[in-house]
């Protein structure tokens with residue numbers, strides 16, 4: 001039962017990170033979508049967005065890495081691998 005709770009926690013943490021990322025993407029698209037003359041600024045903003053997504057992924061993997069390793073180790077043991 002503990003493994004199921006950990007998997008649920010991992011899913012909810014990733015869902016939250018994806019939700020935050022999608023909110024940022026939406027706000028950037030809303031901010032720069034209507035301005036044709038801001039193409040250079042839009043490219044910079046998308047570059048910053050890619051950097052932010054990378055940071056979110058790194059922080060998420062760092063925070064949940066031990067739990068994920070334990071989950072996959074338990075799963076591999078149950079599957080006989």
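If we scan region 51-74, do we find a residue that is more than 25 Å from residue 19 (Cβ to Cβ), without any contact (Cβ under 8 Å) to a residue 12 or more places away in the chain and more than 19 Å from the chain's Cα centre (by Cα)? Yes, because at least one residue in region 51-74 is more than 25 Å from residue 19 (Cβ to Cβ), without any contact (Cβ under 8 Å) to a residue 12 or more places away in the chain and more than 19 Å from the chain's Cα centre (by Cα).
The rows are residues; the columns are (1) at pLDDT below 70; (2) in a helix (DSSP H, G or I); (3) surrounded by 11 or more Cβ atoms within 10 Å (Cβ to Cβ); (4) touching a strand residue (DSSP E or B) at 6+ places or on another chain (Cβ under 7 Å).
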residue	(1), (2), (3), (4)
25	no, yes, yes, no
31	no, yes, yes, no
38	yes, yes, yes, no
55	no, yes, no, no
69	no, yes, no, no
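On inspection, residue 7 passes the criterion of being at pLDDT below 75, on the phi < 0 side of the Ramachandran plot and surrounded by 14 or more Cβ atoms within 10 Å (Cβ to Cβ).
The values are calculated or read from the model by the stated rules, or taken from the named source; none is laboratory data. Small disclaimer: the values here were computed from a predicted structure and weren't measured. When we count neighbours, we look across all protein chains shown, and the Cβ atoms used for this are built from the backbone with ideal geometry, even at glycine.
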